[in-house]
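What follows is calculated from the coordinates using simple rules that are stated; it is not laboratory data. What you see is a predicted model, and the numbers here were worked out from it, not measured in a lab. Don't worry about glycine lacking a Cβ; one is built from the backbone with ideal geometry, like all the others, and counts go over all protein chains shown.
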Amino acid sequence: MAATQLTADLHPLLTEYVIKKLQKNRLTTVYSFVKVEVEQLLKITNLPAESIVLVKNHLIDQFAGRCQNAQSYPLWPAPSPISTGVPSLDALLQGGGLLPCHIYELCGESGTGKTLLSLTMASNVVKQPGSMAYFIDTKCDFSGRKVQQILDSDDRTLSEQELGHAMARIRVERIFSPDLLVQTVEELAAGRYVDEGTNLKLLIIDSLPSLWYLYQDAQSSVEPLGLLTKLICSLRKLAAQRAVAIVLINLTVRMVEGMTEGKRKLCPNGNYSALGRYWESAPGTRLLLERHEHHRGWSAGYHTVQVWKSNYLRSGERVIVRMTETGVR
C-alpha cells in the first residue's frame with residue numbers, strides 16, 4: 001500500500017481532476033490518502049464525506065491485509081532441514097542442515113572451494129528420490145563429472161540407472177545477465193522448470209558478483225541497485241512460497257586504501273563481502289569459507305566454515321571441513 005501510486009483507475013470517484021488536487025497537496029500514494037483525515041480530504045477534493053469514506057474503504061479492502069483467525073488454518077508440519085552432505089556443517093547449521101524458506105550466502109576469496117561445496121550440497125539433495133536442485137551457473141564452473149564423482153563416493157553404491165536419475169534431477173542453467181537471473185527466479189517462484197513428480201528443495205546461484213561487475217563502470221547506481229532489489233524480493237518469495245533453501249555464492253574482497261571500517265561490515269579476516277553495503281542485509285545467514293592448508297599441522301585441503309552473521313545462528317561459530325576430489329567431507 002505504501003508504494004502504490006494513486007491513479008484514476010483505482011476508483012471511479014478518483015477522477016483526473018481529483019488526482020491532480022491530491023498531488024498538489026503531496027498525497028500521491030494510496031497509503032498517504034488513507035491515513036489523512038476525512039475533514040482534510042473534504043477541503044482538498046471537494047468530494048462529499050460519504051464519497052471519501054467509500055473510496056477509503058475500497059482502497060483498504062483492495063490493498064490492506066486482513067486479520068484472520070489462526071484456528072481456521074490447518075497446522076502443517078515444519079519442513080525438515082536439508083542435509084548438506086557434510087556432517088560437521090550440518091551440525092553448525094543446527095537441526096541437521098539448510099532450513100527450507102531460508103536464504104544463505106556462502107562467501108570466500110577466489111579458490112577457497114565455494115563451488116565444490118555447492119556441488120556437494122546439490123549432489124546430496126538429489127540422492128533422495130523426487131528431490132530436485134536448481135543450479136544457476138554464471139561462470140561456467142559447473143562440472144557434471146565432479147557431481148558424478150561425488151555421487152559415486154556415497155557409502156550406498158548407486159546403480160547406473162539411479163546415478164543417471166540423480167544427476168538428471170540437478171537442473172543446470174547458465175545465465176550471464178542480471179535481468180535474466182531475476183526473470184528465472186520469478187519463474188521458479190511461479191512453479192516453472194520443476195519436473196512433474198519432483199520437489200524443488202535447493203536453489204544455488206554461483207555466483208552473484210560475476211553478473212553485477214558488469215555495472216562497475218556505470219555512471220549511475222540506479223539500475224544495478226534496482227536489479228538487486230528485484231532479485232532479493234524474488235528470492236524471498238521463492239523461498240517462502242515453495243519452501244526452498246537458497247544458497248548464494250559471493251566473494252570477499254580485500255580492503256582498499258581510503259575505505260574506512262565504519263562504512264562497511266568487515267568479516268573476521270578483515271575483508272568485506274562484494275555487491276556493496278546495500279546487499280549486506282539481504283541473506284538471512286552469511287557463512288565465510290577460508291582456506292587453512294597448514295593449520296595445526298594438517299595437510300592441504302582443510303578449510304573452516306564460519307558463521308559471519310545470521311538471524312538464528314551464533315556469529316563466530318565455526319567448523320573444519322576437508323576439500324577432496326570427491327566433494328567436501
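Below are the figures for this structure:
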quantity	calculated
Between the range 1-37 and the range 112-165, the alpha-carbon center distance in angstrom	53 Å
The range 225-237 - phi-based ³J(HN,Hα) in whole Hz, Karplus 6.51/-1.76/1.60, Gly and Pro as x	5, x, 5, 4, 5, 4, 5, 5, 5, 5, 5, 5, 5
Extension reserve of the Arg318-Asn57 stretch, reckoned as 0.36 nm per residue once the Cα distance is removed	88.7 nm
Relative packing of 15-25, 189-199, 107-117, which averages over residues the other C-beta atoms within 10 Å, highest first	107-117, 15-25, 189-199
For the range 165-181, 3J(HN,Hα) per residue [Karplus equation, 6.51 cos²θ - 1.76 cosθ + 1.60, θ = phi - 60°, Hz, x = Gly/Pro]	5, 5, 5, 5, 7, 9, 8, 10, 9, 8, 10, 10, 9, x, 4, 5, 5
Contour excess over end-to-end distance, with Cα ends at Thr15 and Cys233 and 0.36 nm allotted per residue	75.2 nm
Förster-model FRET efficiency, 30 Å R0, Ser159 and Lys139, C-beta, rounded to 0.05	0.40
Net lengthening on full extension, Val38/Thr326 (0.36 nm per residue, minus Cα-Cα)	96.8 nm
Share antiparallel - DSSP beta bridges, the chain, percent rounded to 5	40 percent
In nm, spacing of pseudo-spin labels at Ala190 and Asp152 (7 Å Cα→C-beta vector)	4.0 nm
Cross-link table Lys127/Lys230; Lys114/Lys237; Lys114/Lys309, entries beyond 23 Å C-alpha to C-alpha	Lys127/Lys230; Lys114/Lys237
The chain: proportion of alpha-carbon pairs further apart than 32 angstrom, %	43 percent
Cross-link partners of Lys21 among lysines (Cα-Cα below 24 Å; sequence separation of 8 or more within a chain)	Lys35, Lys43, Lys56
Relative contact order (%) - the chain, alpha-carbon pairs under 8 angstrom, separation at least six	20 percent
Cut-off under 5 Å, modelled amide H: who pairs with Lys309 long-range	Arg286
